[in-house]
Amino acid sequence: HRGASTNRPLPLSPPPSRAPAKRRRSRMIRITGNGRDGADGAHGTHGKAGGGGWFASIDGRNGTPGGHGAPGEKGQDIVCGLKTIGEVDGIFQCEMTQKSSGEATTFPLARNSTLEFSSRGGTGGKGGIGGAGGDGASGSNGRSASRSSPASDGGRGGDGGNGGNGGDGGRGGNGGDVELIVEEHDLDLLIMLNSDPDVAGGAGGVAGFAGRGGNCGAGGAGGYGYYEQYRDGIKEITVNHRAGRDGPPGRIGVSGRNGQDGAAGTPGRVTYTINQKHAAPLKYSALFSAQATDVDRLETSTGIVEPGMQIEIYGLSVFNAAPPIGGLPTPDPSICNGHGIEVLQVSCRFGLKSKSTLLLIKSDVCVDGLCSVLIITPMINTPP
């Protein structure tokens, strides 16, 4: 509890009834500079089928390749200052200024105030689908035999056109850089951040599929044979022309190749700049993360711990789980004056079934899910 004495428990509100309690609306302020997604590549056109005229080729035309997806945009860099600017009706006011535009937002500080920053890279565009190859035309039929000429074979069928290649997916945009600047005595304002700003790189675009090859044309039918016996004067003549052979089919078109997925963008950087009064600014790369590690005693109005109950916690030990290098320290009560931000956010997960339990309960208690917890006397331990 910021700004309260730690040698006496805080007053609790009356125990909640069994009826579901109304949730307070939290004040969420979002600052986003996400990059735009890349445009998708155009699909390839299908090849025309063979034939269609005396002088037209019987082979199918090739499909055209799909276009490549455009890369996603880089997230915008955000430089934002946070500071307190006095009180209105006993409530501290916070001013947030974006350095690039000079735009300032003022809002009252409250327990449910939340800040969220996002500067993700845009997703790469999808690769276009390759066009399908055109079908080959059927071969011409052979000429039938006559008394004076033999039958001809059928013509070869047309080849199917090759399919177009699929387009490559666009590269994901890089995440933007976010810098948050606070004065040393305003460090507790960062408690309003539920997590570090989201500066993830954008996902690469999905590759386009290849176009299929066109079907081959069938071979033409051979000409009909001819048989006849006739007498030329005293001479008997027999004419026997065999039928022509059917033509071979054409070649099936080769399918194109699939495109390649785009590479993901690289994440941006997060910087917390703490301006000190008598020294150079300090820079950190990760937010503090208070986690409960131990507790002396738990009390409830009914003696039962269950979801939704208000719990009195005595002798709570808190550990800063921020990275040892680059992680922010928790606010120093001797410097920060507790600007109405009443609850230090602590990650408490009840339940002894999991070995990853953060809050160690010295009794036979096991509750599934998350519980609403009122922290009474937190003791902030210095991180090792």
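List of remarks:
- Long-range neighbours under 7 Å by Cβ, at least six apart or interchain, first residue closer than 27 Å to LYS48 by Cα within the range 216-239, second of a type in the set (S, T, N, Q): GLY217/SER138; ALA218/SER138; GLY220/SER138; GLY220/SER140; GLY220/ASN141; ALA221/ASN141
- Contacts under 6 angstrom Cβ, first residue in the range 258-277 being more than 16 Å from ASP196 (Cβ to Cβ), partner in a strand (DSSP E or B), 6 or more apart: ASN275/GLU183
- Residue ID - modelled with the lowest pLDDT, chosen from residues in the range 183-200 that are surrounded by fewer than 24 Cβ atoms within 10 Å (Cβ to Cβ) and part of a loop (DSSP other than H, G, I, E, B): ASN194
- Residue in the range 225-235 that is open to solvent by less than 100 Å² (accessible area, probe 1.4 Å), over 29 Å from HIS46 (Cβ atoms) and of a type in the set (Val, Ile, Thr) present: no
- Residue within the range 69-91 that is of a type in the set (Ser, Thr, Tyr), more than 30 Å from ASN215 (Cα to Cα), at pLDDT below 95 and crowded, with 19+ Cβ neighbours inside 10 Å present: yes
- In the range 172-203, the residues that are of a type in the set (Val, Ile, Thr) and under 25 Å from ARG36 (Cβ atoms): VAL178, VAL199
- Test: residue in the range 199-214 that is at negative phi and more than 43 Å from the chain's Cα centre (by Cα): no
- Out of THR238, THR266, sole residue that is of a type outside the set (A, V, I, L, M), assigned to a strand (DSSP E or B) and surrounded by fewer than 19 Cβ atoms within 10 Å (Cβ to Cβ): THR238
- The condition of being under 30 Å from GLN76 (Cα atoms) and either modelled with pLDDT of 95 or more or surrounded by fewer than 24 Cβ atoms within 10 Å (Cβ to Cβ) (or both) holds for ASP168.
The values are calculated or read from the model by the stated rules, or taken from the named source; none is laboratory data. Please read all numbers here as calculations on a predicted model, not as lab measurements. Glycine gets a Cβ as well: all are built from the backbone with ideal geometry, and neighbour counts include every protein chain shown. All accessible areas refer to the heavy atoms of the entire protein, side chains included, with ligands and DNA or RNA removed. Shrake-Rupley method; radii C 1.70, N 1.55, O 1.52, S 1.80 Å.
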